[in-house]
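Take a look at the structure below.
No value in this document is a laboratory result; all are computed from the given coordinates. Being a predicted model, the structure only gives us computed values, none of them experimental. Note: ideal-geometry Cβ built from the backbone for every residue, glycine included; neighbour counts use all protein chains shown.
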Amino acid sequence: GKLVGVRVQMLDDSVTLFQVQAKANGRILFEQVCKQLNLLETDYFGLEYTDNKGATYWLDRDKCMSQQIGLTGSEPVLRFCVKFYIPDPSQLEEEYTRYLFSLQVRRDLAQGHLQCNDNTAALMASYIVQAQCGDYAHEDYPDHTYLSR
């Protein structure tokens, strides 16, 4: 079958080019992306794309990609992102999955996609800080310098 190039924007804003069969199911591309990221907890994530009318959809893993995204012309860009949020991030087994969640939350907050009250926003911010700086240890940070790292 014919190979086509598909670009995937990751949560850290890097873009990776993947080669897939034009007739392949969405699952094939999704599995390639997860393998590239060494991501084990794949169930929380998905690939989204925007059609030519500006509507955004999740790539259906069980449908042929060429039926979903235009594979003719320029290389389509899909976005790898969190599809299912989890109420308690500590339920995520992998540190790396928590890191990806923190990138998504930070992006959503920055773009105004997360509508939430101040308490929830503060909680989200605390997850982001923890993901970037690690657990807070009082003896390491007797004052406010924890957040200045």
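Across the range 42-50, computed HN-Hα scalar couplings (Karplus, 6.51 cos²θ - 1.76 cosθ + 1.60, θ = phi - 60°) run 7, 4, 7, 10, x, 10, 10, 9, 10 Hz from first to last residue, x flagging Gly and Pro.
Each of the peptides 47-54, 7-14, 23-30, 100-107 was scored by the mean count of other Cβ atoms within 10 Å over its residues; in descending order, highest first, they stand as 100-107, 23-30, 7-14, 47-54.
Using only alpha-carbon positions in the range 3-78, the gyration tensor eigenvalues give semi-axes of 18, 14, 13 Å once each is multiplied by 5 and square-rooted (largest first).
Listed by chain and number, the lysines whose C-alpha is less than 16 Å from the C-alpha of Lys23, apart from same-chain residues fewer than 8 away, are Lys2, Lys63.
Our compactness index for the range 41-107, the C-alpha radius of gyration over the empirical 2.2 N^0.38 Å, is 1.30. Near Asn25, the amide H atoms lying under 5 Å from its own belong to Met65; only residues 5 or more places off or on other chains count, and H is placed 1.01 Å from N.
The phi torsions of the range 16-30, fed into the Karplus equation with coefficients 6.51, -1.76 and 1.60 and a -60° offset, translate into couplings of 10, 8, 10, 9, 9, 5, 4, 8, 5, 6, x, 4, 4, 5, 4 Hz, rounded to whole numbers, with Gly and Pro shown as x.
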